[in-house]
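The values are calculated or read from the model by the stated rules, or taken from the named source; none is laboratory data. Predicted, not measured: the structure shown is a model, and the values here were computed from it. Here the Cβ is made from the backbone with ideal geometry for all residues, glycine too, and neighbour counts use every protein chain on show. Protein only, heavy atoms only, side chains kept; ligands, DNA and RNA dropped before computing areas. Shrake-Rupley method; radii C 1.70, N 1.55, O 1.52, S 1.80 Å.
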Amino acid sequence: MSNILYESLLEPHLNNDKVFLVHDDNSQTTYREFLELASTVAHQLSEIGIQPDDKLIVKASKSKYSLALYAASILTGSVYIPLNTTYTLVETEYFIKDAKPLFIICDDSSAKELEKISSSVDAKILILNDDGSGSLTNDLDFFPNYFKAVDRNANDLASLLYTSGTTGQSKGAMLTQENLLSNSQSLYLLWEINEKDILIHALPIFHTHGLFVAVNTSLLSGATIRFIKNFNLDLIIEAIPSSTILMGVPTFYTRLLKDNRLNSELTKNMRLFISGSAPLMTETHIEFEKITGHQILERYGMTETNMNSSNPYNGIRKPGTVGLPLNDIDIIITNPDTGDILNQGEVGMIEIKGPNIFKGYFNMPEKTKKEFRPNGYFITGDMGIFDEDGYLTIVGREKDLIISGGYNIYPKEIEDTINELGEVLECAVVGVPNEDLGEVPIAVIVTSSRKKEKDLENIKKNIQLKLAKFKNPHSYFFIDELPRNTMGKVQKNKLRDDYS
Ligand code: MCA
Ligand code: AMP
């Protein structure tokens, strides 16, 4: 027995005095200090009862403390469950009831709201406020700054990340130690991340991209992270001349391109700009190269699989493609109905097999079974095509999903919330193009009442109560009936065309 995540990501840094995190106020945290902080947090959790396999929900803003919680969960062998800090009470309640964590880490204001829900599942709340204060950190000085990592198998759970996968219902994707480690190893080798690198990190740390892709590859290589708390264009531009890598969603790049401070002089010390989580427009790639001389490297991933493919670091980066399958990962294109492998050049379902693939959806064996072929390939719900050089292009999605600024939005979740109102007869939510965020949701509604303004007020109120802000439709339209095909299915493509 061992603990491969601990041995690869944390243990090598026990006596490392190099800077790990540079914060927005220019204060720094060395690797040694980070490990010591994580150890005291691990002692704190363990003193109040955490055991391997216990679940730890973290809904806290980005800071060295929330990052230390991730490291402490590796040390204690608990299952790390980060949540988007903007989730509403209704959304958070679902995750707590589903995961039944032993601990919930959140700020004071959320704690008050979550008290009843947490006690219904016997979870204890620990406070971590935005300024680092709270019951989690109050007594850290009293704990030893070394914690002996517990043993874990490579196949043991490291994290549960909630995603809606191919349907509207949120499910916890069970990610093992091996899933996470094998993927970070492939990426840091491919992208040649090393201890001289300084990574600009302006992503949230509650998703695969900001946490596992960005943080794990940095820990593996001993790189330094410019740890920007919230997306801030000025801070990113300020950091570029003294940094080497940026990882972002396409919105980062379209926003940079709009800023006249971006030029080849500013970016001359950078060696790599990486984009993922949503499609990067070919025009963005071309424009960025024209202005900076850098070709953005696009890669493709999923919560259930970590990263699957990437354009090469050395070699041709083809705009509009998500590159070649990663080292130890097998990607096939199949007929969605039969699973038969299609010929190169044919569009089909992207299916994936490899050490990166999650163990299944938490407490949902039937759902898990449906998403895998009998031969073990995971059915992604993304449609793709390989070109003659083996580069993959994502041409669409079979799953009904909107990706807005890198966040996934499931139309069904919004439709269900709108449909809860008595007056609503039916509705459809579709994504329409948006210059800044790629696409945004809009809602098309059929109601029985004549008081559309009052209906709209009630609909918006319900949406705001139940769904995080980033899921709120940008516009609402009332029509007499939804367009349907001969099978009675709502023609979302038509709505998309009509309202774009
Ligand atoms: C913020 N808002 C949004 C979004 N972000 N609305 C729709 N989509 C969004 N993505 C809303 C807020 O609710 C707010 O609304 C207003 O926009 C301004 O919010 P603010 O926080 O100031 O926005 P921002 O800081 O400029 O953020 C935009 C962002 C951010 C930088 C694009 O959304 C972001 O960091 N996205 C990255 C998400 C990510 O990490 N995805 C990876 C998932 P109001 O004004 O009404 O209050 S992992 C994944 O997908 C896979 C595995 C992969 O391949 O990586
Ligand atoms: P999530 O499971 O929330 O992490 O979202 C994963 C989904 O994001 C994938 O199934 C794709 O549909 C999409 N995605 C991720 N990276 C890319 C990319 N580079 N281009 C297009 N879509 C992407």
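Miscellaneous remarks
- Lone unmet requirement of (1) within 10 Å of ligand 1 (Cβ to nearest atom); (2) part of a helix (DSSP H, G or I); (3) in contact with a Leu (Cβ under 6 Å, 6 or more places away or on another chain) for Val213: (3)
- Some residue of region 240-250 being surrounded by fewer than 20 Cβ atoms within 10 Å (Cβ to Cβ), away from ligand 2 (no atom under 12 Å from the Cβ) and without any contact (Cβ under 8 Å) to a residue 40 or more places away in the chain: yes
- Listed by position, the strands (runs of 3 or more DSSP E) enclosed by region 262-321 that each have at least 2 residues that are away from ligand 2 (no atom under 12 Å from the Cβ) are 272-275.
- A count restricted to region 273-293 and to residues that are more than 16 Å from ligand 1 (Cβ to nearest atom), closer than 22 Å to Trp191 by Cα and in contact with a Leu (Cβ under 8 Å, 6 or more places away or on another chain) stands at 2.
- Count of residues meeting criterion [acidic (Asp, Glu) and either over 12 Å from Ser110 (Cβ atoms) or in contact (Cβ under 8 Å) with a residue 40 or more places away in the chain (or both)] in region 63-95: 1
- Residue-level analysis places Asp337 outside the set of residues that are in a loop (DSSP other than H, G, I, E, B) and at pLDDT 95 or above.
- Selection status of Gly348, in contact with a Pro (Cβ under 8 Å, 6 or more places away or on another chain), farther than 21 Å from Glu283 by Cα and among the small types (Gly, Ala, Ser): yes
- A Cβ distance below 7 Å, combined with a sequence gap of six or more or placement on separate chains, defines the contacts here; from region 441-459, residues that are touching a residue at least 24 places away in the same chain (Cβ under 8 Å) reach residues that are surrounded by fewer than 21 Cβ atoms within 10 Å (Cβ to Cβ) and among the charged types (D, E, K, R) in the pairs Val446/Glu426; Val446/Asp480; Val446/Glu481; Thr447/Glu423; Ser448/Glu423; Ser449/Glu423; Asp455/Glu423.
- When Asp131 is tested against (1) open to solvent by 30 Å² or more (accessible area, probe 1.4 Å); (2) in contact with a strand residue (DSSP E or B) (Cβ under 6 Å, 6 or more places away or on another chain); (3) within 22 Å of His23 (Cβ to Cβ), exactly one condition is not met: (2).
- Qualifying residue in region 292-306 (condition: hydrophobic (A, V, I, L, M, F, W, C), in contact with a strand residue (DSSP E or B) (Cβ under 9 Å, 6 or more places away or on another chain) and closer than 27 Å to Leu266 by Cβ): yes
- For region 15-62, the set of residues classified as over 26 Å from Phe362 (Cβ atoms), open to solvent by 50 Å² or more (accessible area, probe 1.4 Å) and touching a residue at least 24 places away in the same chain (Cβ under 8 Å) consists of Lys18, Asp24, Glu36, Glu47, listed by residue number.
- Within region 216-230, restricting attention to residues that are within 13 Å of ligand 1 (Cβ to nearest atom) and open to solvent by 10 Å² or more (accessible area, probe 1.4 Å), the residue that is farthest from Ser164 (Cα to Cα) is Lys229.
- Among the residues listed as Leu203, Leu235, the single one being among the aliphatic types (A, V, I, L, M) and assigned to a loop (DSSP other than H, G, I, E, B): Leu203
- Just one of the listed residues (Asn306, Asn327) is touching a residue at least 12 places away in the same chain (Cβ under 8 Å), within 16 Å of Ser184 (Cβ to Cβ), away from ligand 1 (no atom under 16 Å from the Cβ) and out of contact with any Asp or Glu (no Cβ under 8 Å at 6 or more places or on another chain), namely Asn327.
- Among the residues of region 238-249, those identified as among the β-branched types (Val, Ile, Thr) and not in a helix (DSSP H, G or I) are Thr244, Ile245, Val249.
- In the set Pro325, Pro336, Pro312, only one residue is surrounded by 20 or more Cβ atoms within 10 Å (Cβ to Cβ) and out of contact with any Pro (no Cβ under 9 Å at 6 or more places or on another chain); that residue is Pro325.
- Pair list, Cβ under 7 Å, 6 or more apart: region 349-365 residue under 15 Å from Asn179 (Cα atoms), other residue part of a helix (DSSP H, G or I) and open to solvent by 30 Å² or more (accessible area, probe 1.4 Å): Pro355/Glu178; Tyr361/Lys367
Table: residues versus (1) modelled with pLDDT under 95; (2) open to solvent by less than 20 Å² (accessible area, probe 1.4 Å); (3) over 15 Å from the mean Cα position of the chain (by Cα).
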residue: Ala149; (1), (2), (3): no, yes, yes
residue: Ala154; (1), (2), (3): no, no, yes
residue: Ser159; (1), (2), (3): no, yes, no
residue: Ser170; (1), (2), (3): yes, no, no
residue: Glu178; (1), (2), (3): no, no, yes
residue: Ser182; (1), (2), (3): no, yes, yes
residue: Pro204; (1), (2), (3): no, no, no
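- The criterion of at least 3 residues that are of a type in the set (Ser, Thr, Tyr), over 21 Å from His43 (Cα atoms) and within 16 Å of ligand 1 (Cβ to nearest atom) is met by none of the helices (runs of 4 or more DSSP H) falling completely within region 63-142.
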